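Quick notes on the structure that follows.
None of the figures in this text is laboratory data; all of them are computed from the coordinates on show. The structure displayed is predicted, hence computed values, not measured ones. No Cβ is skipped: glycine too gets one built from the backbone with ideal geometry, and neighbour counts run over all protein chains shown.
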Amino acid sequence: MEHKRQIHVLSEHKRRLQINEGYEHLERVLPGTPNRKVSKPILLQKAVMHIKQLQANRLVIAEETADTVKRTDALKQYGRAAAVCRTRACSHG
């Protein structure tokens, strides 16, 4: 029975080490936390705020991309119409 307990203690220790390594990695890559030790709850709050900001930025970029695609398509269509007009001598002036 003691062997099972030792295995459990070791696996729990390994799990805590992995969690702490995850927090340390998050602290290194999260903007606004370099060289500062912050509590784990604060670190998680900052991570959530950062993720929400990234998601908002992604939406803005997606909207801007869709707008750019629409404008590009309109310009292409205008260019094709102008080319057809030139080949048919559509100028009325």
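Residue by residue through segment 43-50, which ³J(HN,Hα) values in whole Hz follow from phi under the Karplus form 6.51 cos²θ - 1.76 cosθ + 1.60 (θ = phi - 60°), with glycine and proline marked x?
Rounded to whole hertz, the list is 4, 5, 4, 5, 5, 5, 4, 5.
How do His50, His3 line up, fewest other C-beta atoms within 10 Å first?
His3, His50
Charges on Cβ only, +1 for Lys and Arg, -1 for Asp and Glu, centred on the Cα centroid of the chain; of Ala74, Ile61, His13, which one is farthest towards the dipole's positive end?
Ala74
Highest first, please rank the peptides 51-62, 22-33 by the mean number of other Cβ atoms sitting within 10 Å of their residues.
22-33, 51-62
Order of 71-80, 40-49 by packing, highest average Cβ count within 10 Å first?
Listed from highest to lowest mean packing, they are 40-49, 71-80.
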